[in-house]
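Trainee: Here it is, the structure in full.
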Amino acid sequence: MATTVFAHKYYFGYTSIELNGKTDRLEVIHAYSTHDLEYALTAITNHQVNLEKTDGVETLRAYINDHFKITSSGEPVTLSWIGMEMDHNLVTVYQESGEFDGEELTLVNSLLVEPFPSQVNLVDLKIKALKKSLEFDKGKNVFSIRLDQR
């Protein structure tokens, strides 16, 4: 009896959005596979992207700004780039908003869903009384949520 084994690669990213009670700023942390990011950015830009180099970091920065957005009451929430850490397997990006006092959020997260149609992006929210996890994918990359929910 012959057995066929199929390898399946999972494409997964994680983002945490937390309101800092001392500064009233949204702190955003993204964690993605180094390999997946470099592969996707290389395919999108048609040139080799290395995240250990300055031009690679700038490419990543622009990509995240284009594919991860927050609005509140229809107004964009600007996220400043705080920094990035990278080890062999994982890239962690840190962003922060200005002072935030919104009552609702609309999140757009289409990171890596174009090059990897099976990509799943989990976003954990901790804002005011709200603690919630949202799952984004190719079919659902926009969520709107009131912050007074539990």
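Trainee: Could you rank the peptides 98-105, 111-118 by their average count of other C-beta atoms within 10 Å per residue, with the highest value first?
Mentor: In decreasing order of mean packing, 98-105, 111-118 become 111-118, 98-105.
Trainee: Per residue of the chain, what 222 nm ellipticity follows from adding -39500 (n - 2.57) for every DSSP H run with n ≥ 4, rounded to the nearest 500?
Mentor: It comes out at -5500 deg cm²/dmol, rounded to the nearest 500.
Trainee: Helix 54-67 sits at what angle to the longest principal axis of the chain, using alpha carbons and giving 0 to 90 degrees rounded to 10?
Mentor: Here the helix axis deviates by roughly 60 degrees.
Trainee: Related question: Using only Cα atoms, find the angle between the long axis of helix 34-45 and the longest principal axis of the chain, and express it within 0 to 90 degrees, rounded to the nearest 10.
Mentor: That helix lies at roughly 90 degrees to the long axis.
Trainee: While we're on this one: Loop only by DSSP, 10 or fewer other Cβ within 10 Å of the Cβ. Give me the chymotrypsin sites (Phe, Trp or Tyr not before Pro) in the stretch 1-83 that pass, ordered by residue number.
Mentor: Within the stretch 1-83, the qualifying chymotrypsin sites (Phe, Trp or Tyr not before Pro) (loop, at most 10 other Cβ atoms within 10 Å) are Phe6, Tyr10.
Trainee: Scaled to the compact-protein estimate 2.2 N^0.38 Å, what is the alpha-carbon radius of gyration of the chain, rounded to two decimal places?
Mentor: The chain yields a ratio of 1.13.
Trainee: Looking at the chain, what % of its DSSP beta bridges pair antiparallel, to the nearest 5?
Mentor: 85 percent
Trainee: Only sites in a loop by DSSP and with at most 15 other Cβ atoms within 10 Å count here; which GluC sites (Glu not before Pro) in the stretch 13-56 make the cut?
Mentor: Listed in order of number, the matching sites are Glu52.
Trainee: Which one of Leu51, Thr23, Tyr10 has its Cα pushed farthest toward the positive end of the charge dipole of the chain, where Lys and Arg give +1 and Asp and Glu give -1 at the Cβ?
Mentor: Tyr10
Trainee: Could you tally up the Lys pairs in the chain with alpha carbons closer than 25 Å? Skip any pair fewer than 8 positions apart unless they're on separate chains.
Mentor: Pairs that pass both the separation and distance tests number 19.
Trainee: Okay, moving on. Calculate the FRET efficiency for Met86 and Thr23 from the Cβ-Cβ distance with a Förster distance of 25 Å, rounded to the nearest 0.05.
Mentor: So the FRET efficiency works out to roughly 0.45.
Rule-based calculations on the coordinates, nothing more; no lab input. Note that the coordinates shown come from a computational prediction; the quantities given were computed from them, not determined experimentally. Every residue, glycine as well, gets a Cβ built from its backbone with ideal geometry; the counts of neighbours run over all protein chains shown.
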